[in-house]
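The block underneath contains the structure these notes are about, expressed in structure tokens.
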Amino acid sequence: MERAVRLRAHMDRNPQDAQNKRALQNTESKIRRLVDYYQGDELDAEFEYDYETAEEILEG
């Protein structure tokens, strides 16, 4: 999630950076797949990934 937050901040500063846009999409997709895999076992069944949640988790 750290990488996704860093990439999102980069994309806010550099919106034309297509390569990193794709990297962000791949990273967030991987996070969502992992959330689906671990949901119920190691993650709360109600947990859903989004950027704001990731920021909160990393800050706190």
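The values are calculated or read from the model by the stated rules, or taken from the named source; none is laboratory data. The structure displayed is predicted, hence computed values, not measured ones. Here the Cβ is made from the backbone with ideal geometry for all residues, glycine too, and neighbour counts use every protein chain on show.
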Test: A23 is in contact with a Leu (Cβ under 9 Å, 6 or more places away or on another chain), of a type in the set (A, V, I, L, M) and not in a strand (DSSP E or B)
yes
Every residue from segment 1-19 that is free of Cβ contacts under 8 Å to residues at least 24 places away in the same chain, in a helix (DSSP H, G or I) and surrounded by fewer than 16 Cβ atoms within 10 Å (Cβ to Cβ)
R6, A9, H10, M11, D12, R13, A18, Q19
Of all residues making up segment 30-51, the number that are loosely packed, with under 12 Cβ neighbours inside 10 Å and closer than 14 Å to R3 by Cα
1
The conditions are (1) at pLDDT 95 or above; (2) of a type outside the set (S, T, Y); (3) more than 9 Å from the chain's Cα centre (by Cα), and Q25 fails exactly one of them. Which is it?
(3)
Provide a single number: the residues in segment 1-47 that are at positive phi and touching a Lys or Arg at 6+ places or on another chain (Cβ under 6 Å).
0
Any idea which of (1) touching an Asp or Glu at 6+ places or on another chain (Cβ under 8 Å); (2) assigned to a helix (DSSP H, G or I) is the one E55 doesn't satisfy?
(1)
Verdict on T27 being surrounded by 15 or more Cβ atoms within 10 Å (Cβ to Cβ) and of a type in the set (S, T, N, Q)
yes
